[in-house]
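Taken together, the values in this text are just the output of simple stated rules run on the coordinates, not laboratory data. Predicted model, so just to flag it, every value in this text is computed and none were measured. Methodologically, a virtual Cβ is constructed for each residue, glycine included, from the backbone with ideal geometry; neighbour enumeration extends over all protein chains shown.
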Amino acid sequence: MSNIPTTRRKRGPAVSVEGESSASDEVSTTLVDLVVKTIREAILSGAYFPQERLKISALSKRFNFSAMPVREALRTLEGEGLVEITPNRGATVRRLDRRFIEDLFELNTELRIFAIRRGMRYMTTEKLEMLSGIADAFAQAVSQGDLDASIRLNRQFHGKLMEIGGNMEALRVFERGWELIGAFRRHYGYGPTRQQGLATEKKMLIQALSRHDLQQAEAILRMQHAAAVDDLIQRFNAMEGH
């Protein structure tokens, strides 16, 4: 799950998919991000089934991308956990299950708690007002039923918390995971009251941060984690027929 400036992707270890050798030239991350988003949404929408092979040639033809960015995208999706790449078989769709969702949200929550612990000493009135503005915009988007805006603002709110924490590597991991969470939410949506709960939790979190109450802030994030996982799993089970 882009308005991302064109940069060069650092290449990881070479991984052969379907026996095709890795090319030495690098691919613009802007194009790769687009391919990742396209394939990710296709997997989550059910266009590809668990354990189904993802052939580079077929993906290239279906989505009108060349082989290089498709190969890079499959590696990225392997890192996200949506795709498995094995020798002599290539890429296949990973089975989505409760454990995968729980692990994804647990990492996301621990990263935000880590950021708050680091960033509490840097919290200022200006930063609290900035967070409050985003929270108000989120609540308005929820009241208007604007799912895309609410997902974007929710990510922005927690992304700002990560930025205040000041650890850029933690922010990078957070953003990668949030792309997948956003894709889940766009596909599976929210339960009837979950977004209103998110709006309330944001206000509670800002109040705790304004008091420099780390214990309360952590408790709110853990409460939010439990509610989010339960809600998404219920939506997942309902749509997948479990």
Here are some pairs, Lys37/Lys127; Lys127/Lys160; Lys127/Lys202; Lys37/Lys61; which of them have Cα atoms lying more than 20 Å apart in this structure? Lys37/Lys127
Tell me the label only: which of [x] 36; [y] 32; [z] 43 is percent of Cα pairs over 26 Å apart as calculated from this structure? [z]
For peptides 142-149, 179-186, 197-204, sequence by mean Cβ density within 10 Å, most packed first: 179-186, 197-204, 142-149
In debye to the nearest 20, how big a dipole does the range 98-240 give about its Cα centre with +1 on each Lys and Arg Cβ and -1 on each Asp and Glu Cβ? 140 debye
Given charges at Cβ of Lys, Arg, Asp, Glu: the chain dipole, positive-most of Thr193, Ile39, Ser60: Ser60
Within a Cβ distance under 9 Å of Gly182, other residues only, what is the Lys/Arg minus Asp/Glu net charge? +3
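In units of 2.2 N^0.38 Å, what is the alpha-carbon radius of gyration of the range 98-240?
0.99
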If you take every residue apart from Ile233 with its C-beta less than 14 Å away from the C-beta of Ile233, what net charge results, scoring Lys and Arg +1 and Asp and Glu -1? -2
